[in-house]
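Data first, discussion second: the structure below is written as structure tokens.
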Amino acid sequence: MHQYPRAHVLSSLAVVLRVTAPAAIILTAHEIVRIDRVAQSAAGDATTERYGDLLPPGTNTIHLDRGTYHFRTRGAARLHILDPDSVTVSTARSVTCLPGDARPGT
């Protein structure tokens, strides 16, 4: 019997939050999440810096100042915007297929 080669698929969800006035969000995830604030460097390039502490798995309330924020999750996440007039959300799913025995961390 012909054996098919194995492949490992990694996926993540990228979320961008554009906040026009101070607002709060509630994020529920089953993993540790890092939220980054996006800023412009003096040269005009986009830079990121960690915003607050790493969020533990579970439900967290985060207060955001005006600005743009970014986070990624490997699994599903639930995001509740408490003031939808102040926050715009964009999402994108990323999928990477690793051939054969190429496993993360090996």
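The values are calculated or read from the model by the stated rules, or taken from the named source; none is laboratory data. As the structure is a prediction and not an experimental result, all values here were calculated from the model. Backbone-built Cβ (ideal geometry, glycine too); neighbour counts: all protein chains shown.
Side notes on the structure shown:
- Pairs, first in contact (Cβ under 8 Å) with a residue 60 or more places away in the chain and closer than 15 Å to Thr88 by Cβ in region 11-26, second surrounded by fewer than 16 Cβ atoms within 10 Å (Cβ to Cβ) and of a type in the set (Ser, Thr, Tyr), C-beta under 6 Å, six or more apart: Val15/Thr91; Val16/Ser90; Arg18/Thr88
- Subset of region 35-89 that is among the basic types (Lys, Arg) and surrounded by 12 or more Cβ atoms within 10 Å (Cβ to Cβ) - its residue that is farthest from Ser12 (Cα to Cα): Arg37
- As for region 27-43, it holds at least one residue that is modelled with pLDDT under 95, out of contact with any strand residue (DSSP E or B) (no Cβ under 7 Å at 6 or more places or on another chain) and over 22 Å from Arg93 (Cβ atoms).
- Just one of (1) exposed (fewer than 14 other Cβ atoms within 10 Å of the Cβ); (2) over 12 Å from the mean Cα position of the chain (by Cα); (3) among the hydrophobic types (A, V, I, L, M, F, W, C); (4) modelled with pLDDT under 95 fails for Ala92. It is (2).
- Taken over region 26-65, the residue count meeting the criterion of being closer than 22 Å to Asp83 by Cα and aliphatic (A, V, I, L, M) is 9.
- Failed item in (1) over 20 Å from Thr28 (Cβ atoms); (2) loosely packed, with under 12 Cβ neighbours inside 10 Å; (3) at pLDDT below 95, with Leu98 passing the rest: (2)
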